[in-house]
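Structure first, commentary second.
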Amino acid sequence: DCRMWECPDFFNVAPGVTAFKFSDQERGRRPFSADFYVLGDAGLTNYTAALVQDGKDAYSAILGGAPYPARLLDWGAVYASKSWQDARGRRLWLGWVYEESRGCPGVCSDGTPFVHSIQKWQGSQTLVRVIEYEPQAQALLLKPVPELSLLRAAFGALFSANLTLPASPPPASAPAPATAAAAGTLNTTASGKNASEPPLQPSIVTLLPETPPAWPPAPVASGAGARAAPHSPSGRRQVEASLNFTLSLAAANSSAAGGGAAAAVATPLSGSSTGSNSSGTGGDDGDADAFSAPFELGIRLLTGNGSIVRVLLNGTAKLVASQPEPAAGGNSSDAAGLAAKAVRAGNSTQKQMVAYNMGVYVDKRKAGGMTQTNVQGGTMPLPPGGVPAEGLQLHVFVDHSVLEVYALGGRGVITSRIYEVPLLPPDAPPEAGADLTALGQWGIEAFSSWAAGVVQVEAEVYELESCWVQSVL
């Protein structure tokens, strides 16, 4: 029953700041195995192994005179990671992606019947990531290395367009008071399946439509508002998707935005196993009279036979005052210059939409096949005051059963597993299984739940080639 720590890693992340990473196993926790880190002042870091019985953290560090709590490097199925420094001075990172199919009680080191009989391989590696330090949030960022763009198929994007998602309509019917969910959460039934989408009906737009299994394979249709999509040899099971969301206030609502709307704070999704990963979430400034509203933004992966995996950001957006910059040729005491720069809210104060208390999640409660129907993710570390509610990024990589999610430039990272049970059309010969397009094309949708106005989305989806080479000579 002993708790275990292994795979330690110690490195500098900034002048005067050190990081200590450790892999931790704890029975009864979901996930059983996880990778954590702590930060400390260089020369002052003091790590102490504590007894399991005292209930304290296994490691502690002091950063800026305050204890630094252990944080997860990845909210998903990652363990035993290591980092190294490359010739360019970058701190690179790679982790083990373990199996988590149905029937797997923990880290699944011995596999499952699905792994042995159908998948017939076990475990993988993450994509290589760059570690950076965010001083404002005092947190590590993990970003996919930019060299991954070299894997994009030569024929160009499967989808590339700027989209506008309309304001979310009100719920079709209000949930009963006993089951009403807090803003930003999902309503669930006792079985864990969605009783509905978020409290607001989401606005959904199709980027690439799902197509069912067919023999011969069905032609690939075009996404809404885009040119005809090129053929996806992987059936869209090997893709990169990047979506940047910007929250806007509808013109009809802008004059009334300052009154009446009750502030709502996003909370972790029901069923999330790891919860918060942050002691600083870019919190509310306490102005109860300011406009504030919850939101959810994300991607829906349609993985066949009614299976849906949602990758989402949630949080609260708020209008806050920001001091305008001096006009050209003026200075901060130039009243005329300040007045010239104040263009919103009808006074000399500019308004900016910011997002705070933000979380990132992979919601698999509507997933099929051998995928576990659970939720992974938690609250991201943000700078004090939150982040601008524009260009809120979700960067997603799908490599068949491995799903990697990077949110807000690496502030939140989730590695998850989605297991498809291949279903060939009844008239397909056995050898058709080698043609992934015969299994149908996975679909990709963008969605938003934001009642205050429209959501602008910049969306790109690419087919990825294999990283394997036949020879290095």
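Please determine, by comparing only the residues of region 372-394 that are in contact with a Lys or Arg (Cβ under 8 Å, 6 or more places away or on another chain) and in a strand (DSSP E or B), which one is farthest from Tyr361 (Cα to Cα).
Once the filter is applied, the top-ranked residue is Leu382.
Among the candidates Pro384, Pro426, single out the residue that is open to solvent by 10 Å² or more (accessible area, probe 1.4 Å), modelled with pLDDT under 95 and within 30 Å of Ser292 (Cβ to Cβ). Working first, answer last.
On the way: Pro426 fails: within 30 Å of Ser292 (Cβ to Cβ).
After applying the criteria, what remains is Pro384.
Tally time: how many residues in region 227-257 are farther than 23 Å from Ala167 by Cβ, modelled with pLDDT under 65 and surrounded by fewer than 21 Cβ atoms within 10 Å (Cβ to Cβ)?
Within region 227-257, the first condition is being farther than 23 Å from Ala167 by Cβ, and the residues that meet it are 227-242.
Filter again for modelled with pLDDT under 65, leaving 227-229.
Right, trim to surrounded by fewer than 21 Cβ atoms within 10 Å (Cβ to Cβ) and you get 227-228.
Total satisfying the criteria: 2.
In this structure, is Glu390 under 18 Å from Ile118 (Cα atoms), open to solvent by 10 Å² or more (accessible area, probe 1.4 Å) and more than 11 Å from the chain's Cα centre (by Cα)? First the steps, then the outcome.
Details: under 18 Å from Ile118 (Cα atoms): no; open to solvent by 10 Å² or more (accessible area, probe 1.4 Å): yes; more than 11 Å from the chain's Cα centre (by Cα): yes.
In short, no.
Select from region 439-456 the residues that are open to solvent by 10 Å² or more (accessible area, probe 1.4 Å) and hydroxyl-bearing (Ser, Thr, Tyr) and list them in ascending order.
Residues satisfying the conditions do not exist here.
So, in region 77-88, how many residues would count as being assigned to a loop (DSSP other than H, G, I, E, B) and at pLDDT 95 or above? It would help to see each step written out before you state the result.
From region 77-88, those assigned to a loop (DSSP other than H, G, I, E, B) are 77, 86-88; that's our starting set.
Add one more test, that the residue is at pLDDT 95 or above, and what stays is 86-88.
Residues flagged as assigned to a loop (DSSP other than H, G, I, E, B) and at pLDDT 95 or above within region 77-88 amount to 3.
The values are calculated or read from the model by the stated rules, or taken from the named source; none is laboratory data. Given the structure is predicted, the values throughout are model-derived calculations rather than measurements. We place every Cβ from the backbone using ideal geometry, glycine too, and count neighbours over all the protein chains shown. Only protein heavy atoms, including side chains, enter the accessible area calculation; ligands, DNA and RNA are left aside. Shrake-Rupley method; radii C 1.70, N 1.55, O 1.52, S 1.80 Å.
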